[in-house]
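Following: one structure in structure tokens, then a few remarks.
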């Protein structure tokens, strides 16, 4: 997954959608059916009916507590007017029954035992409710007059002990001119889809609206592309996708699916829900431009192998009720980011300078976070569920498993190439894990499973590497690793003005204090996060006060009026300085033969 989150716009989280169905074997012909009406698009309300065949006494229904992001978001708060009826076709009647809350996400259909006493197998429980969504981006659901995008786990309840049964969802009341698209088999009726289980159903989103589309075939797979966009270049997007899919399909030995769908929302999305969300046979991507969308696609498409099929055991089976923690997100997400950059340079969408710049930027990002000295990339993986708290994301509190995981992936690649005389690489490790785990229906044991795969390919121990850079917090000797490929890391430092906080606000509106740095002159002077600030002299030339503040120089005195809790005061402080460290990667002028071969292998995905 690659959400875009200011200010770094880095990828952060991914969906733990189950690949292997959970629960008991499915009854012979049971199908849990859903009907979703879009009649109230202007009110952002999905109207849902859930039909449960042959309900047993004590049947419960539940709403997932989380989906797509590593955040418990409690989707039940969006539900309105839930109710239930029992329908008995043999007696030709419906009987309203109570939905009794069990916890914040679960209800029991009561008094079901009395209603079903002596009932035949053709009885049905029908649960109905409305649920409101109008949040953009691939990690949410949205319904408005323009379009609908549906992550099913965010709008559809499930029966906890019947998740493995067949499901079917039918849409109705589509606005004129709207169409539907999903990477699910067609259902038995018009505008419907079916899946072999609830888990399979919720791993395939739906786009509804007047989107544009095109298709292409590549290496035995059929690709469909749906685009909802303000402005976009079809030729550019199609060409980029063909290059990306060609490289990654060749890398992994062909497609693990017959068909794959890209859903794109291209336009002003980057600041409100942009990024990408992977699924087994599709991905949903929101981006500000075609170029950005293609870059995200390079990451999300590789998830079809790494995460969706090559999976850590800790993520199986999926649990919709609570957090699922794993130490392996550095590999699942970070190494996928490494392959996104590989796909872009090896397919020709990037030149080698762009690849070096991106790698140097990753180094700079990690080195700018003091937390790298005490939080390992495994610990960062475990703590993913804390990312919804702003304080957790500060540089002195955490690192990103995307960022360091990408670096560790490249370091592993360089190390294995060096250890084997460039005869093996990270590519071989990925293919080995795909064969050993995914194709065999197995899951790997956290970082230990990855380490064993590396040792098998490199034919040497890698315990020290994993101890230092995966479970440990040793400083990374970048020069040593980059030198294996005839590369050098350069560092340039400059002093830049630093207010000590971020002035949040638009022209003509209040400016508030955000991301106040502890110990900065502004904090020492008495400024707090959330304070509303004004220029002390109220000069009209400072109408865009936030921009004026950001333009101050080192040593300038800033005088402010501060409003807090209904009270106003004045403070002043001198603008401080921070040392910006700019990293770059350059090629050695006279590399050895092996260094040159490793460098070429890194850039082109080749071995000797």
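The values are calculated or read from the model by the stated rules, or taken from the named source; none is laboratory data. Small disclaimer: the values here were computed from a predicted structure and weren't measured. Note that we place each Cβ from the backbone using ideal geometry, even for glycine, and neighbour counts take in every protein chain shown.
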Q) If you go through segment 460-489 one residue at a time, how many are part of a helix (DSSP H, G or I), touching a residue at least 60 places away in the same chain (Cβ under 8 Å) and either outside the structural domain of residue 360 (by TED's automatic domain parsing) or under 16 Å from residue 362 (Cβ atoms) (or both)? A) 4
Q. Out of 65, 24, which single residue is outside any strand (DSSP E or B) and either at pLDDT below 95 or on the phi > 0 side of the Ramachandran plot (or both)?
A. 24
Q | Qualifying residues in segment 273-296 (those that are at pLDDT 95 or above and in a loop (DSSP other than H, G, I, E, B)) - the one surrounded by the most Cβ atoms within 10 Å (Cβ to Cβ) | A | 279
Q. Here are 585, 554, 571: which of them is in contact (Cβ under 8 Å) with a residue 40 or more places away in the chain, surrounded by fewer than 17 Cβ atoms within 10 Å (Cβ to Cβ) and in contact with a strand residue (DSSP E or B) (Cβ under 9 Å, 6 or more places away or on another chain)?
A. 554
Q. Restricting attention to segment 322-345, does a residue exist that is more than 22 Å from residue 404 (Cβ to Cβ) and modelled with pLDDT of 95 or more?
A. no
Q | Matching option when the condition is touching a strand residue (DSSP E or B) at 6+ places or on another chain (Cβ under 9 Å), surrounded by fewer than 24 Cβ atoms within 10 Å (Cβ to Cβ) and more than 27 Å from residue 136 (Cβ to Cβ), among 246, 250 | A | 246
Q. If only one of 593, 580 is modelled with pLDDT of 95 or more and either surrounded by fewer than 14 Cβ atoms within 10 Å (Cβ to Cβ) or assigned by TED's automatic domain parsing to the domain that holds residue 426 (or both), which one is it?
A. 593
Q) Within segment 492-512, can you find the residues that are out of contact with any strand residue (DSSP E or B) (no Cβ under 6 Å at 6 or more places or on another chain) and either at pLDDT below 90 or farther than 12 Å from residue 550 by Cα (or both)? A) 506, 507, 508, 509
Q. How about segment 424-459: which of its residues are in a loop (DSSP other than H, G, I, E, B) and over 25 Å from residue 325 (Cβ atoms)?
A. 424, 425, 439, 459
Q: Go through segment 503-514 residue by residue and tally those that are in contact (Cβ under 8 Å) with a residue 24 or more places away in the chain and within 32 Å of the chain's Cα centre (by Cα).
A: 5
Q | residue 402 surrounded by 15 or more Cβ atoms within 10 Å (Cβ to Cβ), touching a helix residue (DSSP H, G or I) at 6+ places or on another chain (Cβ under 8 Å) and over 30 Å from residue 516 (Cα atoms) | A | no
(Q) Looking for something touching a helix residue (DSSP H, G or I) at 6+ places or on another chain (Cβ under 6 Å), under 26 Å from residue 489 (Cα atoms) and crowded, with 19+ Cβ neighbours inside 10 Å - is there at least one such residue anywhere in segment 386-399? (A) yes
Q. Quick check: anything in segment 148-158 assigned to a loop (DSSP other than H, G, I, E, B) and without any contact (Cβ under 8 Å) to a residue 40 or more places away in the chain?
A. no
Q) Of all the residues that make up segment 177-192, how many are surrounded by fewer than 22 Cβ atoms within 10 Å (Cβ to Cβ) and more than 14 Å from residue 148 (Cβ to Cβ)? A) 8
Q | Matching option when the condition is touching a helix residue (DSSP H, G or I) at 6+ places or on another chain (Cβ under 6 Å) and farther than 30 Å from residue 410 by Cβ, among 549, 516 | A | 516
Q: Tell me, yes or no, whether segment 258-272 has at least one residue that is closer than 20 Å to residue 401 by Cβ, modelled with pLDDT of 95 or more and outside any helix (DSSP H, G or I).
A: no
**Q.** Enumeration of residues in segment 297-318 that are in a loop (DSSP other than H, G, I, E, B), over 25 Å from residue 345 (Cβ atoms) and touching a helix residue (DSSP H, G or I) at 6+ places or on another chain (Cβ under 7 Å)
**A.** 318
Q.
Looking at segment 257-270, can you tell me whether even one residue there is closer than 20 Å to residue 139 by Cα, within 14 Å of the chain's Cα centre (by Cα), in contact (Cβ under 8 Å) with a residue 40 or more places away in the chain and not assigned by TED's automatic domain parsing to the domain that holds residue 436?
A. yes
(Q) Among the residues of segment 199-226, what is the count of those that are over 18 Å from residue 303 (Cβ atoms), touching a helix residue (DSSP H, G or I) at 6+ places or on another chain (Cβ under 8 Å) and buried (at least 17 other Cβ atoms within 10 Å of the Cβ)? (A) 2
Q. If you go through segment 367-397 one residue at a time, how many are in contact with a strand residue (DSSP E or B) (Cβ under 8 Å, 6 or more places away or on another chain) and assigned to a helix (DSSP H, G or I)?
A. 1
